[in-house]
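Q: Pasting a structure here, questions to come.
Only the coordinates and a few stated rules stand behind these numbers; no lab work does. What you are looking at is a predicted structure, and each value in this text was computed from that prediction instead of being measured. Ideal geometry is used to build each Cβ from the backbone, glycine not excepted, and the neighbour counts take in all protein chains shown.
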Amino acid sequence: MISNKVKYEQYKPKKFLGQNFLVDENIARKIVASLDVKNDDTVIEIGPGQGVLTKYLTALTENFIAVEIDKSIYEKLIDLYKSKIKIIHKDFLKIDFKAEFPSDQSKKKKLKVIGNIPYNITTEILFKLYDFNLKLESAVLMMQKEVAQRIIAKPNSKDYGILAIQTQVHSSPKILFDVPPTSFFPKPRVFSSIVKFDFTETKYQISDKNIFKALVRESFGQRRKTMKNSLKKYFEKGDFLFEDFDFDFSRRAESVSIEEFVELANKLTL
């Protein structure tokens, strides 16, 4: 453990990339085990960094893909693994899922995703995954504890909002365990949580994803106002009339359940 820590300290993390390297080997093994990787699984790691998860993952599957934006880390991984794994030097948010991760119809296997993702773009990464949820089986991701709490939030709570709704519509999320700042270099000022997303357990049928996203976004645009006030411009733009819907628009968005948002969005699609 001491020698590993020295190696990490010799590499200066880049603040603008939100780099906090996991240095706790026990936590790393626990994270990898949580993904339940089978030999024929295709696993994508977001931001492998110094490879604390990578070395365990490559021993579990031959179908491993790492996406790393940092050129110096990318080159180190290429040198270390040669052609044993596929390493993509790109910003994950700009990845073309269809081009980079084509479906294997012969196996009919979906993708598994893992990563200690940058806290400053956690929401963007999650929304990217939700856009391609049909290609995914599961994901195990490290994020700030406060964000993890927002993900599992229920209606009528301060954490319930766009992130909770979009997450729970596209997956079944579960917080597995927390990780202290001492497990990283450099140490973040916050605790982290490991969250597992099961994309095979979705109980909602959405007619139009874009309409659903717009409805939820507009509803929470003015959180303290009623749904009628928040959706006024959206309804006018779409030529919708509030009286045409069997819904109480005098409520605030934070009191509306996911089922109700889905039902309303599907009616807007008709």
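Q: Considering the dipole of region 2-198 built from charges on the beta carbon (Lys and Arg +1, Asp and Glu -1) around the Cα centre, which of 78, 149, 191 is farthest to its positive end?
A: About the Cα centre, the residue reaching furthest to the positive side is 191.
Q: Contact order normalised by length for the chain, with contacts defined as Cα pairs under 8 Å and 6 or more residues apart; what percent is it? Intermediate results must be reported in sequence, preceding the final value.
A: Values: 424 pairs, mean separation 42.5, N = 270.
Once normalised by length, the contact order is 16 percent.
Q: Find the centroid of the Cα atoms in region 240-270 and in region 156-235, then give the distance between the two in whole Å.
A: Here the two parts' Cα centres lie 18 Å apart.
Q: Calculate the FRET efficiency for residue 157 and residue 39 from the Cβ-Cβ distance with a Förster distance of 35 Å, rounded to the nearest 0.05.
A: Numbers: r = 41 Å, r/R0 = 1.18.
E(calc), rounded to 0.05, equals 0.25.
Q: If you fit an axis through the alpha-carbon atoms of helix 122-131 and take the longest principal axis of the Cα set of the chain, what angle between them do you get, 0 to 90°, nearest 10?
A: Here the helix axis deviates by roughly 70 degrees.
Q: Give me the percent of DSSP beta bridges within the chain that run antiparallel, rounded to the nearest 5. Display every interim value, and only then the final one.
A: Working: 18 of 37 bridges.
Antiparallel bridges: around 50 percent, rounded to the nearest 5.
Q: Just check the chain against the gyration tensor rule for me: Cα atoms, a ≥ b ≥ c as the square roots of the eigenvalues, rounded for a/c under 1.5, and otherwise prolate or oblate depending on whether a/b exceeds b/c.
A: On the way: a/c = 2.43, a/b = 1.81, b/c = 1.34.
It comes out prolate by the Cα gyration axes.
Q: How much FRET efficiency would the formula 1/(1 + (r/R0)^6) give for residue 229 and residue 98, where r is the Cβ-Cβ distance and R0 is 41 Å, rounded to 0.05?
A: Values: r = 39 Å, r/R0 = 0.96.
Taking R0 as 41 Å, the efficiency between residue 229 and residue 98 is 0.55.
Q: Additional query: Can you compute the helix-only [θ] at 222 nm over the chain? Use -39500 (n - 2.57) per DSSP H run of at least 4 residues, normalise by all residues, nearest 500 deg cm²/dmol.
A: -10000 deg cm²/dmol
Q: For region 2-198, give the magnitude of the charge dipole about the Cα centre (Cβ charges: +1 Lys/Arg, -1 Asp/Glu; no others), in debye to the nearest 20. Could you put the intermediate results ahead of the total?
A: Numbers: 32 positive and 23 negative charges, 34 e Å.
It comes to approximately 160 debye.
Q: Then there is this: Grab the beta carbon distance between residue 259 and residue 88, set R0 = 35 Å, and tell me the FRET efficiency rounded to 0.05. Walk me through the numbers on the way to the answer.
A: Values: r = 38 Å, r/R0 = 1.08.
With a Förster radius of 35 Å, E is 0.40.
Q: For region 14-86, which trypsin sites (Lys or Arg not before Pro) are in a loop by DSSP, counting at most 16 other Cβ atoms within 10 Å?
A: On the way: sites: 14, 15, 29, 30, 38, 55, 71, 76, 82, 84, 86; in loops: 14, 38, 82, 84.
Listed in order of number, the matching sites are 14, 38, 82, 84.
Q: Excluding residues on the same chain fewer than 8 positions from residue 38, give the aspartates and glutamates whose Cα lies under 15 Å from its Cα.
A: Reachable aspartates and glutamates: 62, 137.
Q: Over region 26-81, calculate the relative contact order: mean separation of alpha carbon pairs under 8 Å at least 6 apart, over the residue count, as a percent.
A: On the way: 58 pairs, mean separation 20.1, N = 56.
Reported as a whole number, the value is 36 percent.
Q: Name the shape class, rounded, prolate or oblate, that the alpha-carbon gyration tensor gives for region 142-251, where a ≥ b ≥ c are the square roots of its eigenvalues, rounded holds for a/c under 1.5, and otherwise prolate holds if a/b is larger than b/c and oblate otherwise. Present the calculation step by step, with values, prior to reporting the outcome.
A: Values: a/c = 3.05, a/b = 2.08, b/c = 1.47.
Note, shape of region 142-251 comes out prolate.
Q: Could you work out the longest stretch of the chain that avoids the GluC sites (Glu not before Pro) located in DSSP loops with at most 13 other Cβ atoms within 10 Å?
A: Longest gap between qualifying sites, sites excluded: 63-200.
Q: Are any of the pairs 71/94; 145/233; 90/209; 86/203; 55/110 more than 24 Å apart by Cα-Cα distance, and if so, which? Numbers along the way, then the final one.
A: Values: 71/94 16 Å; 145/233 35 Å; 90/209 26 Å; 86/203 34 Å; 55/110 22 Å.
The answer is 145/233; 90/209; 86/203.
Q: Same structure again: Which loop-located trypsin sites (Lys or Arg not before Pro) does region 171-270 contain, where loop means any DSSP state but H, G, I, E or B and the Cβ has at most 15 other Cβ atoms within 10 Å? Working shown, then result.
A: Working: sites: 174, 189, 196, 203, 209, 213, 217, 223, 224, 225, 228, 232, 233, 237, 251, 252, 267; in loops: 189, 203, 223, 224, 225, 251.
Loop-located and lightly packed - 189, 203, 223, 224, 225, 251.
Q: Follow-up question, since we're still on this one. With the cut-off at 1.5 for a/c, could you classify region 209-269 from its C-alpha gyration tensor as rounded, prolate or oblate? Could the numbers behind the result be given before it?
A: Numbers: a/c = 1.24, a/b = 1.10, b/c = 1.12.
In terms of gyration-tensor shape, rounded.
Q: Could you grab the relative contact order for region 209-269? Cα pairs under 8 Å, six or more apart, rounded to a whole percent.
A: Details: 46 pairs, mean separation 26.6, N = 61.
Relative contact order comes out at 44 percent.
Q: So if each residue of separation counts as 0.36 nm, and I subtract the Cα-Cα distance between residue 187 and residue 78, what length gain in nm does that give? Write down the numbers at each step before the final one.
A: Values: separation 109, 0.36 × 109 = 39.24 nm, distance 2.70 nm.
Answer, rounded to one decimal: 36.5 nm.
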